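Here the structure comes first, spelled out in structure tokens, and everything after it is commentary.
Any read-out appearing in this document is the output of simple, stated calculations on the displayed coordinates, not a laboratory observation. Just so we're clear, the structure is a prediction, and the values are computed from it rather than from any experiment. Quick reminder, even Gly has a Cβ in these numbers, built from the backbone with ideal geometry, and neighbours come from all protein chains shown.
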Amino acid sequence: MSFVRAYLRASTIDQDVDRAKEDLVKFAGERGLKIASFYRENESGASLRRPELFRLLGDCTAGDVLLVEQIDRLSRLNSEDWDELKRQIQIKKVKVVSLDLPTSWMMANTKSDDIQNRILEAINSMMMDMLATFARKDYEDRRRRQSQGIAKAKAEGKFKGRPEDTKRNGAILKMLVAKQSWSSIIAATGVSRSTLARLAKALPVEP
């Protein structure tokens, strides 16, 4: 029996990772399919360090469907990392179905014959490569524009850096005062270890 496993990704902890859930459920329902499980994470699509994505692949067996809203939810990777992710998907013999890739929709039909599957896989692979390339270019373009904007602001003396998240930092300080472990604080808030170390230095030294 094949399973449909949905992958939901947002780039930062502040973004709603479940934003596309309703669309994925609707897509599956219209095809008489039921999503067996959802895998959620707030990680950059430009990085392969995505534990939930690889947990999904680890849970898959041959013929399972990996369902995403858009290919850029799966990848904003450079070409080398994208090739590695595709290799892992191919090893598991997982079918990637994306709402923004109509050529992939028939892949959700597990009753397709072998010849049809091969044709669909070839077409789907080519289209995924194209969309993954566009997603990477968009990522690089946005980062370049951001860097240019910061450089201009610095030159004009207007750049002040990212504003401090006082509400989040206040909550973290309370956790530190309560002697919660750093690991539990990071897991709860998504803050980086370097930011946590900086905040910890702000605490008064105990006599």
**Message:** Expected output is a single nm value to one decimal: the length gained when fully extending between Lys21 and Arg144, i.e. 0.36 nm times separation in residues minus the C-alpha distance. What is it?
**Reply:** 41.2 nm
**Request:** Choose one of Leu53, Ser11, Trp105: the residue whose Cα lies farthest towards the positive end of the charge dipole of the chain (beta-carbon charges +1 Lys, Arg; -1 Asp, Glu; about the Cα centre).
**Result:** Ser11
**Complete:** Once Asn78 and Thr61 are pulled to full extension, the length gained, defined as 0.36 nm per residue separation minus their Cα-Cα distance, is 3.5 nm
**Request:** Could you tell me which of Ser2, Gly157, Leu120 has its Cα farthest along the dipole of the chain towards the positive end, charges placed at Cβ (Lys, Arg +1; Asp, Glu -1), taken about the Cα centre?
**Result:** Gly157
**Request:** Would you mind computing Rg(Cα) / (2.2 N^0.38 Å) for the stretch 4-137, counting N as its residues?
**Result:** 0.97
**Request:** Give the order of Glu80, Glu121 when sorted by the count of other beta carbons within 10 angstrom, beginning with the fewest.
**Result:** Glu80, Glu121
**Prompt:** Mind checking the dipole of the stretch 21-106: about its Cα centre, +1 per Lys or Arg Cβ, -1 per Asp or Glu Cβ, Debye to the nearest 20?
**Reply:** 280 debye
**DSSP bridge orientation in the chain - percent antiparallel, rounded to nearest 5** = 0 percent
**Asked** Which residue, chosen from Thr195, Ala178, Leu131, occupies the Cα position most advanced towards the positive end of the dipole of the stretch 70-207, where the dipole is computed from +1 (Lys, Arg) and -1 (Asp, Glu) charges on Cβ about the Cα centre?
**Response** Ala178
